[in-house]
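> Below: one structure in structure tokens.
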Amino acid sequence: MMNRYPIWGYLALTAVILIGALYAIPNLYPEDPSVQISHDSGSLPADLKQRVESILSLNEMEAKQIEVNQQQQLLLRFDNTELQLQAADELKSGLNSEHIVALNLAPAVPAWLRAVNASPMSLGLDLRGGVHFLLQVDMTAAVSKALDRYEADFRSVLRENKVRYISVKHNGDVLNATFKDEESYQQGLDALKENFRLDLDFTKIKAERGITLVAAFKLAAQQELQNFALQQNITTLRKRVNELGVAEPVIQRQGTDRIVVQLPGVQDTARAKELLGATATLEFRLVDEQGDAFAAESSGNTPIGDKLYYERNGTPVLLKSRVMLSGEYITDAASGIDQDTATPAVFITLDGKGSRLFSKVTGDNIKRLMAVVFIESKTEYFKDEQGQLQSRSRKVEEVINIARIQDQLSKRFQITGLDTSREARKLALLLRAGALAAPMNIIEERTVGPSLGQQNIDQGKNSVVLGMLLVMIFMVLYYRVFGLVANVALITNLVLIIAILSMIPGATLTLPGIAGIVLTVGMAVDANVLIFERIREELSNGNSPQASIHAGYAKALSTIADANVTTLLAAIVLFTFGTGPIKGFAVTLSIGILCSMFTAILVTRALINLYYGRKQAPSLAI
Amino acid sequence: MQLIKQSLNIDFLGKRKLALIISAVLITVSLASLMTRGLNLGIDFTGGTLVEIGYSQPVELQPIRDALAQNQFNDAIVQHFGTARDVMIRLPSQAVANSEVSNQVLQALANTGNPEMRRVEFVGPQVGEELRDDGGLAVVYALIGILIYVAFRFEYRFALGSVVALIHDVILTIGFFSVTQAAFDLTVLAAVLAVIGYSLNDTIVVFDRIRENFRKLRKEESIDVVNISINQTLARTLMTSITTLLVLFALFFVGGEVIHSFALALIVGVLVGTYSSIYVASATLILLNVSAVDLLPDEKEEVLDDLP
């Protein structure tokens, strides 16, 4: 009996291994510290490269290479990290705010490899450094905010239809409209139903005086609302993250009310946190100059149509509850210094609708006092009755500035009254990026510094190399020629795992992932051990070498399959239930198991066939 | 080179009473420890904040503790991590569960000689609870999935035998972490699941041989068939354990501090798993009275496989 593969078998195996090697090669190239520049419009201005070069030469810096990558970004490679950071700073201040300047590591893969789409594995945050956040969107707040809007809408619908009502009030997660009698209730119900039937359910309850109409969200409407809030928050987060200058951010929804944010390379976590969770906006309101704010504060009775606010120094002030203008009309905001007072200021630009609105209300109210209200959400933690820790977001509203309207204001104007220029910068950024639809809390954070990332890579590499060496030495000592063959298979296995990880888009290598590879190395030889032990058994039963090889492979096959399928089952469970790093382990373990079946069975058989499959085969060295 | 002689015939199952006693004692100790001492759960499961800081010089821990205490972080656990230059600070959830804490800690330590942030982990209490529940579920689902697969491929008694062995391994591995109070975090949980995969792999190989031998050696007593099978697969069982342990020791010693517990859990698991596939899984088969008759329906298939 001969042990031979047909020629095409050898060719197919060689082809698979060569392709694997091709796609694994990019991982051997080092990465260049680089700066990437993109433009808000999505395409790069034609003269950008020139401008960048002139900024660099002005500061006596030089980029190793400047190119435009596939994502329409200008990519500048530098020799070292120091130069990269310096250049990024200069470019940030030198280019206007329409450009996003981000730090990155660009693989130095030669063009011929890039031509076949071969690129190195993407590394997880624990290897390259960076921040991972899990944010929880406060959906109760989203619903409550929506009901606030409906409250105003209810009033105007009832007014338009000339329905008399006692009150319209938002109470928890419902909206109550109270009417004096049955007749006005019926009119009100008809009018409201006509407008809001699709989103709201209406029920009737008897109130102390009159009849109350209770409006609550329909389930579908509430889900849609929450979906919208989540989507809106993601959009806003994208803009904010762009402002941070992060090269390859990941912002994804997770489940119904959570968002995952991953920012590779970000070190300043304090700033990142502040920006991600912050909800700051502005409102412009008229001051009630007749009202006595101190009296209202002590008695607790605010005049009708007014709301009590406080200035930053704690002085109470009465403002009209009607908002003249809110933050949603702001299209651009920049921080700077006010020329007259030399204090921090935010320069604001409104959109068309906003500027029409604002010029009308300011025009109507010239010589009256206008207040700028700064609204911010802050997260607080407290213990409930069961001693469980809970969080809630609290809205902080402060009057930062009161000034007399001297003139009609419209598209562009400035506000002052902020304490520091840092605060002015933050407010400008938040106004630019738009508001969050609902407040969010960080419920999980994992940050890895750059030095630890590099250390993790080094230690990971070392353990793979050391583990492999130990196993390979042991295999040669124990199985001699067959051990050598198994070692070739083991190396092939590693190359294939790396190639597959590099080829699958979205697959990232993490430290637990490396552990998965190491473990696979140990377990990959198992299939060979099974086969070789069988061959030894067959030989000791007095079978011929050729027959023993054949029987060894044939009999071990079902055992190998069973053993690997069960391990694969465990890996799949890990993948399904695991989060982040655990998933990485499950992925490499699964890939490793599949590759090892290929290499340990087919590759070793091919080599052994080549060596022992000849007519005058030497005696088996096993 | 050969680890063991081909003609070896150790009476493993003759010592199954002894093995039973050893396993029972170990399981009792593990469960008792789990119930009284519990696990030293990492912040992944309890919620809380972990900050790892690197210094350029070796540092004393006391000044760091003092600096933290001055900033109201009295219950911070401060330890060296790996080297004397690295410090790990853990703040349990009860004190503060707030994503700001890590920044406050870094600020509090700003004057302790140029600290460098190496790692921050914050897990909110709610997330910790979820990870705990998901982790427990994962182990249960893995066991159920395996039970079904083995029952389908072999027979229900084999499935029971393998799952008994797996539960044995999981209890002992987790028990080890309870007795030694080594940190039990997400990566250790992953390792426990990998141990399930590994130990099962081992058990399946022995079972496969038992099935084969039941069909071949019709005249032998069940207990002898099982014994012969264990002996025949012993070389492989030991070889694979050795190669796996080799790489695990590589991970344990050079893989770095973060992967330490993970490697430890797997080392314990592989040792226990090797023992259990020899003694526990097979002894369970004998206990459940498996005999050749139970495996006959598949005979035809097997005969075909045996053709050269």
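What follows draws every value from the coordinates through simple rules; no lab data is involved. Keep in mind that what you see is a predicted model, and the values were worked out from it rather than measured. Neighbour counts run over all protein chains shown; Cβ positions are idealised from the backbone, glycine included.
> Against the longest alpha carbon principal axis of chain B, how many degrees, from 0 to 90 and to the nearest 10, is the axis of helix B:156-180 turned?
30
> For region A:139-222, with only Lys/Arg (+1) and Asp/Glu (-1) charged at the beta-carbon, what is the dipole magnitude about the Cα centre, in debye rounded to 20? Provide the component values of the computation, followed by the final result.
Details: 14 positive and 13 negative charges, 28 e Å.
With only Lys, Arg, Asp and Glu charged at Cβ, the dipole is about 140 debye.
> With θ set to phi - 60°, apply the Karplus curve 6.51 cos²θ - 1.76 cosθ + 1.60 along region B:239-252 and write out the HN-Hα couplings as whole Hz, x wherever there is a Gly or Pro.
Along region B:239-252, the couplings run 4, 5, 4, 5, 5, 5, 4, 4, 5, 5, 5, 4, 4, 4 Hz.
> A further question on this structure: So for each of A:585-591, A:196-202, A:283-289 I average, over its residues, the number of other beta carbons within 10 Å; can you give me the resulting order with the highest mean first?
Going by the mean number of other Cβ atoms within 10 Å, highest first, we get A:585-591, A:283-289, A:196-202.
> Using only Cα atoms, tell me the angle between helix B:16-36 and the longest principal axis of chain B; keep it within 0 to 90° and round to the nearest 10.
Once rounded, one gets 20 degrees.
> Determine the percent antiparallel among the DSSP beta bridges restricted to chain A, to the nearest 5.
Details: 98 of 102 bridges.
Bridges in chain A that DSSP calls antiparallel: roughly 95 percent.
> May I pose another question? Mind checking region A:1-102 for trypsin sites (Lys or Arg not before Pro) that DSSP puts in a loop (not H, G, I, E or B) and that have at most 16 other Cβ atoms within 10 Å?
A:ARG4, A:LYS64
> While we're on this one: Could you work out the local net charge near B:THR284, counting Lys and Arg as +1, Asp and Glu as -1, over the other residues with Cβ closer than 11 Å to its Cβ?
Working: positive: B:ARG16, B:ARG157; negative: none.
In short, +2.
> Another question, if that's okay. Averaged over its residues, how many other protein chain Cβ atoms are within 10 Å of peptide B:114-124's Cβ atoms?
Working: counts 0, 0, 5, 9, 9, 9, 7, 6, 10, 5, 10.
The per-residue average across the peptide is 6.
> I need the phi-derived Karplus couplings for region B:40-45: 6.51 cos²θ - 1.76 cosθ + 1.60, θ = phi - 60°, integer Hz, Gly and Pro marked x.
Those phi angles translate into 7, 5, x, 5, 3, 9 Hz.
> Can I ask one more? Kindly point out which whole DSSP H helices in chain A project their C-alpha atoms 27 angstrom or further along the helix axis while averaging a Kyte-Doolittle hydropathy of -1.0 or above.
On the way: long enough: A:139-160 (31 Å, -0.32); A:219-244 (37 Å, -0.52); A:450-503 (44 Å, 1.33); A:511-540 (44 Å, 0.98); A:545-577 (47 Å, 0.96).
Both cut-offs are met by A:139-160, A:219-244, A:450-503, A:511-540, A:545-577.
> Identify, among B:TYR275, B:MET35, A:LEU95, the residue whose Cα sits farthest towards the positive end of the charge dipole of the protein assembly as shown, taking +1 on the Cβ of Lys and Arg and -1 on the Cβ of Asp and Glu, with the dipole about the Cα centre.
So the residue we want is B:TYR275.
> Projecting each Cα onto the charge dipole of region A:1-116 (Lys/Arg +1, Asp/Glu -1 at the beta carbon, about the Cα centre), which of A:GLN71, A:GLY42, A:ALA115 comes out farthest on the positive side?
A:ALA115
> Sticking with this one: Hey, can you rank A:223-229, B:271-277 by average C-beta count inside 10 Å, highest first? Before the final figure, lay out each step's value.
Details: A:223-229: 16.6, B:271-277: 24.7.
Top to bottom by mean Cβ count within 10 Å: B:271-277, A:223-229.
> Next question. Under the definition of partner shielding as Cβ atoms of other protein chains within 10 Å of a residue Cβ, what is the mean value for peptide A:526-532? Kindly include the intermediate steps, with their values, before the conclusion.
Values: counts 11, 1, 3, 9, 6, 1, 3.
Per residue, the average neighbour count from other chains is 5.
> What lysines could a cross-link reach from A:LYS92, if we take a straight Cα to Cα line under 24 Å and drop same-chain neighbours fewer than 8 places away?
Reachable lysines: A:LYS49, A:LYS64, A:LYS239, A:LYS273, A:LYS426.
> Based on Cβ point charges of +1 for Lys and Arg and -1 for Asp and Glu, what charge dipole magnitude is obtained for chain A about its Cα centre, in debye rounded to the nearest 20?
Its charge dipole is roughly 1420 debye.
> Between A:ASP306 and residues 5 or more places away or on another chain, which pairs have amide H atoms under 5 Å apart, with H built 1.01 Å from N, and which residues are they?
A:SER321
> Another question about this same structure. In whole Hz, with x marking every Gly and Pro, tabulate ³J(HN,Hα) for region A:301-318 from phi via Karplus 6.51 cos²θ - 1.76 cosθ + 1.60, θ = phi - 60°.
For region A:301-318, the Karplus-derived couplings read 9, 8, x, 4, x, 10, 9, 8, 10, 10, 7, 5, 8, x, 5, x, 8, 9 Hz, x marking Gly and Pro.
> Choose one of A:TYR612, A:ALA371, A:THR302: the residue whose Cα lies farthest towards the positive end of the charge dipole of chain A (beta-carbon charges +1 Lys, Arg; -1 Asp, Glu; about the Cα centre).
Going by the Cα projections, it comes out as A:TYR612.
> How large is the dipole of region A:279-446 about the Cα centre if only Lys and Arg carry +1 and Asp and Glu carry -1, each at its Cβ, rounded to the nearest 20 debye?
Details: 23 positive and 24 negative charges, 105 e Å.
It works out to roughly 500 debye.
> Still on this structure, please answer the following. Roughly speaking, what is the stretch gain from A:GLN231 to A:GLN546, that is 0.36 nm per residue apart minus the C-alpha to C-alpha distance, in nm to one decimal? It would help to have the intermediate numbers written out before the result.
Details: separation 315, 0.36 × 315 = 113.40 nm, distance 6.52 nm.
In short, 106.9 nm is gained.
> Just need log10 I(q)/I(0) for region A:451-602 at q = 0.09, 0.11, 0.15 Å⁻¹, Debye formula, equal scatterers on the alpha-carbon atoms, no solvent, rounded to two decimals.
So the normalised log intensities work out to -0.32, -0.46, -0.79.
> By counting other Cβ atoms within 10 Å of each Cβ, how are A:THR508, A:THR420 ranked from fewest to most? Could the numbers behind the result be given before it?
Values: A:THR508 21, A:THR420 10.
Lowest count first: A:THR420, A:THR508.
> Add -39500 (n - 2.57) for each DSSP H run of 4 or more in chain A, then divide by its residues: what number comes out at 222 nm, to the nearest 500 deg cm²/dmol? Kindly include the intermediate steps, with their values, before the conclusion.
Details: 17 runs with 301 residues, N = 622.
Result for chain A: -16500 deg cm²/dmol, rounded to the nearest 500.
> I would also like to ask the following. How would you classify chain B from its alpha-carbon gyration tensor, with a ≥ b ≥ c the square roots of the eigenvalues: rounded for a/c under 1.5, else prolate if a/b is greater than b/c, otherwise oblate? The partial results should precede the final answer.
Values: a/c = 3.06, a/b = 2.54, b/c = 1.21.
Prolate.
> If a/c stays under 1.5 just call it rounded; otherwise compare a/b with b/c (prolate if a/b is bigger, oblate if not). Do that for region B:126-276, with a ≥ b ≥ c from the square roots of the Cα gyration tensor eigenvalues. Present the calculation step by step, with values, prior to reporting the outcome.
On the way: a/c = 2.92, a/b = 1.64, b/c = 1.79.
Cα axes put region B:126-276 in the oblate bin.
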